[in-house]
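The values are calculated or read from the model by the stated rules, or taken from the named source; none is laboratory data. Quick caveat: nothing in here was measured; it's all calculated off a predicted structure. Cβ atoms come from the backbone with ideal geometry, glycine included; neighbour counts cover every protein chain shown. Keep in mind that these areas ignore ligands, DNA and RNA; they rest on the heavy atoms of the full protein, side chains included. Shrake-Rupley method; radii C 1.70, N 1.55, O 1.52, S 1.80 Å.
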Amino acid sequence: MARKLNTDEPIETKALTLSLGPQHPSSHGVLHLILDVQGETVLRADPDIGYLHRGTEKIAENIYYHQFVPYTDRLDYWCGMSNNLAYVQTVEKLLGIDIPERAKYIRVIAAELARLTGHLTCVGAWGVDLGAMTILLYAMRERELVLDLFEMMCGARVTNTYMRVGGVRYDVTDAFKERCGRFCKIMKEKLDEYDRLLTGNRIWVARNKGVGILSAEDAIDFGVGGPVLRASGVDFDIRRDEPYLVYDRLKFDVPLGAAGDCFDRYTVRMEEMRQAVRIIEQCLTDMPSGPVTVDMPEIVPPPKKDVYKNMESLIHHFKYVSDGFKVPKGEAYSAVESPKGELGFYIVSDGTEKPFRLKARVPSFCNLQVTDFLSRNSYLADVIAIISSLDPVFGECDK
Amino acid sequence: MQEHLKNSVIDKVKARFGTAVKDVVWYAGELTVTVDKDAIVGVSSYLKNEPDIKMSYLSDISVVDNMPRVPRFDISYHLLSIDKKSRMRVKIAVGDGEKAATVTSVWRSANWYERENYDMFGIVFEGHPDPRRIYLAEDWEGYPLRKDYPLKGYKDQYNPFGEEKKK
């Protein structure tokens with residue numbers, strides 16, 4: 001007998017356990033979220049991670065310092081340049097070397113371009129998760145322009161391995177500078193276009209405003225970083241507060257949120273992209289000429305064209321590749337402001353050519369921890385917005 | 001920014017915890033304070049709540065396996081003060097099979113950090129609210145980041161290239 005639905009007595013529901021992912025169109029990457037739900041309300045959200053665990057830290061202990069740079073590209077694969085930077089900077093700290101001015105400016109440009117690719121992917125994927133397909137296509141279109149610039153820098157589009165201990169792999173050309181300047185102009189217009197598409201969009205606002213509210217105290221206590229931390233109103237940006245490279249000479253604002261909800265995390269990212277463009281423009285004007293690597297033959301191999309023509313350079317190259325270089329005994333932690341937050345490497349050296357222990361402090365992992373706290377007692381559909389606003393990338397989260 | 005640590009933190013921590021502070025090292029502009037393993041919760045909550053220090057943010061917890069040294073493991077707590085813009089590291093040494101006290105009561109972020117270190121090194125954090133593995137499967141044997149765990153893993157039906165397990 002069919003049950004009458006128009007009765008006044010409430011329909012009985014019971015708590016269920018649902019698996020969201022690891023194969024799900026709106027769960028990022030390989031996130032497996034175990035959800036306890038009562039009707040549409042989430043009682044508990046337990047992220048089950050590790051599907052992409054490759055043992056990066058174990059690998060690092062078994063290869064030379066210079067061989068590890070390509071592995072860092074594969075952590076947060078949307079913005080390899082930032083990962084390169086965090087790693088080489090820690091090794092340079094242990095070695096106690098200071099890189100040439102021009103290399104510093106190039107690194108800032110590369111890192112800020114990586115921030116653009118990271119945030120573009122974040123906003124694009126977020127849109128598609130909430131049902132707005134257009135923004136993903138737009139964001140990917142602009143991301144292609146950035147990848148073209150990466151290709152001009154080093155020949156690679158995604159897994160760059162552009163930075164090396166002691167500088168950068170190749171100098172940038174005038175053609176690159178000209179094209180990068182043109183890109184900055186385009187990007188500013190496109191960001192206004194995204195604003196028109198999303199910021200005032202009623203559906204976008206309804207899905208994000210007041211969802212996943214994280215207070216400043218909780219944000220600090222849970223150790224979240226980057227845009228998530230700043231959206232909660234915590235005024236902390238490593239680029240400004242612990243300046244590395246030439247960030248202390250550049251003018252940029254650190255956007256803050258007030259409510260700490262998903263919408264603030266979106267607006268903070270949009271503003272960060274504008275600031276990234278501003279930083280790149282300043283670097284293009286201020287960049288001095290000069291070498292792009294330190295003059296230390298034991299750390300930096302000779303240019304490739306010399307290796308083909310010159311016997312000594314060939315020997316030097318061979319020695320560098322097969323023997324690596326020694327790093328003095330000690331330990332160091334160095335962090336950069338990656339698009340996702342504080343990306344830090346902690347390296348313990350025992351004085352040999354290989355790290356004794358390398359620990360990556362990856363922001364995606366730390367940000368994801370707050371999922372359960374934010375999702376409790378919210379609707380199932382809000383969980384999708386919350387995950388997207390935390391912007392986890394599983395290459396990085398799972399290491 | 002780090003200067004204020006030099007002047008105040010070392011003296012204050014030493015005065016407060018006395019012999020529990022075993023070593024203070026400045027290296028590459030970073031402060032590392034090694035303390036007794038039983039004092040870690042007390043030192044942590046002191047560093048977090050003391051108004052002059054305010055290490056409110058726990059960046060990371062990392063473990064180093066120093067096999068065959070005794071005690072075997074070093075656990076480093078990377079702290080950050082958002083107010084004072086300074087960083088420091090607190091270190092404890094833990095032997096093989098010994099337990100470390102959890103700092104989840106001080107920073108909630110320690111929850112996953114400690115789970116990760118349990119997963120990779122098998123260090124048990126006593127009093128942890130959710131002591132499970134985090135990356136690897138629940139029935140995984142061994143702790144991969146220990147120095148005596150082979151790089152290619154152990155040989156089994158899924159891993160023909162692994163090393164034979166020692167009996």
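Only one of these is open to solvent by less than 90 Å² (accessible area, probe 1.4 Å) and over 25 Å from residue A:220 (Cα atoms): B:147, B:165. Name it. Give the derivation first.
On the way: B:165 fails: open to solvent by less than 90 Å² (accessible area, probe 1.4 Å).
Just a single option satisfies the conditions, and that option is B:147.
Among B:54, B:48, B:37, which is open to solvent by 20 Å² or more (accessible area, probe 1.4 Å), within 14 Å of another protein chain (Cβ to nearest Cβ) and touching an Asp or Glu at 6+ places or on another chain (Cβ under 9 Å)?
Among B:54, B:48, B:37, only B:54 is open to solvent by 20 Å² or more (accessible area, probe 1.4 Å), within 14 Å of another protein chain (Cβ to nearest Cβ) and touching an Asp or Glu at 6+ places or on another chain (Cβ under 9 Å).
Any residue at all in the range A:18-33 that is modelled with pLDDT of 90 or more and surrounded by fewer than 24 Cβ atoms within 10 Å (Cβ to Cβ)?
So far as the range A:18-33 goes, no, none of its residues is modelled with pLDDT of 90 or more and surrounded by fewer than 24 Cβ atoms within 10 Å (Cβ to Cβ).
Of all the residues that make up the range A:331-384, how many are away from every other protein chain (no Cβ under 11 Å) and touching a His at 6+ places or on another chain (Cβ under 7 Å)?
To start, the set of residues in the range A:331-384 that are away from every other protein chain (no Cβ under 11 Å) comprises A:336-340, A:351-354, A:364, A:374-384.
So of that shortlist, the ones also touching a His at 6+ places or on another chain (Cβ under 7 Å) come out as A:339.
Number of matching residues: 1.
Report whether or not residue A:225 is within 16 Å of residue A:340 (Cα to Cα), modelled with pLDDT under 90 and touching a Cys at 6+ places or on another chain (Cβ under 7 Å). So that I can check it myself, show each step before the final result.
Values: within 16 Å of residue A:340 (Cα to Cα): yes; modelled with pLDDT under 90: yes; touching a Cys at 6+ places or on another chain (Cβ under 7 Å): yes.
For residue A:225, the condition - within 16 Å of residue A:340 (Cα to Cα), modelled with pLDDT under 90 and touching a Cys at 6+ places or on another chain (Cβ under 7 Å) - is met.
Taking the range B:103-117 as the region of interest, how many residues are within 15 Å of residue B:64 (Cβ to Cβ) and not acidic (Asp, Glu)?
Residues flagged as within 15 Å of residue B:64 (Cβ to Cβ) and not acidic (Asp, Glu) within the range B:103-117 amount to 2.
So that you can scan it fast, the table gives a plain yes or no per residue for (1) in contact (Cβ under 8 Å) with a residue 12 or more places away in the chain; (2) within 11 Å of another protein chain (Cβ to nearest Cβ):
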site: B:20; (1), (2): yes, no
site: B:28; (1), (2): no, yes
site: B:32; (1), (2): yes, yes
site: B:73; (1), (2): yes, yes
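Go through the residues of the range A:52-63 one by one and say whether even a single one is of a type in the set (Ser, Thr, Tyr) and without any contact (Cβ under 8 Å) to a residue 24 or more places away in the chain.
No, the conditions are met nowhere in the range A:52-63.
Output the residue which, of all residues in the range A:39-72 that are touching a Pro at 6+ places or on another chain (Cβ under 7 Å) and facing another protein chain (nearest Cβ under 10 Å), is farthest from residue A:347 (Cα to Cα).
In this case the residue turns out to be A:51.
On the basis of being of a type outside the set (Asp, Glu) and facing another protein chain (nearest Cβ under 8 Å), does residue B:118 make the cut?
No; evaluated as a whole, the condition is false for this residue.
Filter the range A:295-330 for residues that are in contact with a strand residue (DSSP E or B) (Cβ under 6 Å, 6 or more places away or on another chain) and either away from chain B (no Cβ under 14 Å) or under 24 Å from residue A:173 (Cα atoms) (or both) and give the result.
Within the range A:295-330, A:300 is the sole residue that qualifies.
Answer with yes or no whether residue A:146 is crowded, with 20+ Cβ neighbours inside 10 Å, part of a loop (DSSP other than H, G, I, E, B) and modelled with pLDDT of 90 or more.
Taking the combined requirement at face value, the residue does not satisfy it.
Give me the helices (runs of 4 or more DSSP H) completely within the range A:158-256, filtered to those with at least 3 residues that are farther than 24 Å from residue A:99 by Cβ, within 14 Å of chain B (Cβ to nearest Cβ) and in contact with a Pro (Cβ under 9 Å, 6 or more places away or on another chain), ordered by residue number. Steps first, answer last, please.
Details: elements: A:174-194, A:202-208, A:216-221, A:226-231, A:238-241.
Passing ranges, in order: A:226-231.
Which residues, counting only those in the range B:75-107, are touching a residue at least 24 places away in the same chain (Cβ under 8 Å) and open to solvent by 20 Å² or more (accessible area, probe 1.4 Å)?
B:83, B:84, B:85, B:87, B:91, B:93, B:96, B:98, B:99, B:101, B:104, B:105, listed by residue number.
Is at least one residue of the range A:348-356 closer than 30 Å to residue A:112 by Cβ and either among the aromatic types (Phe, Trp, Tyr) or surrounded by 14 or more Cβ atoms within 10 Å (Cβ to Cβ) (or both)?
yes
Among the residues of the range B:59-68, is any assigned to a strand (DSSP E or B), free of Cβ contacts under 8 Å to residues at least 60 places away in the same chain and more than 8 Å from every other protein chain (Cβ to nearest Cβ)?
For the range B:59-68, residues assigned to a strand (DSSP E or B), free of Cβ contacts under 8 Å to residues at least 60 places away in the same chain and more than 8 Å from every other protein chain (Cβ to nearest Cβ): present.
Among what's in the range B:17-34 and is surrounded by 15 or more Cβ atoms within 10 Å (Cβ to Cβ) and in a helix (DSSP H, G or I), pick the residue that is farthest from the chain's Cα centre (by Cα).
B:17
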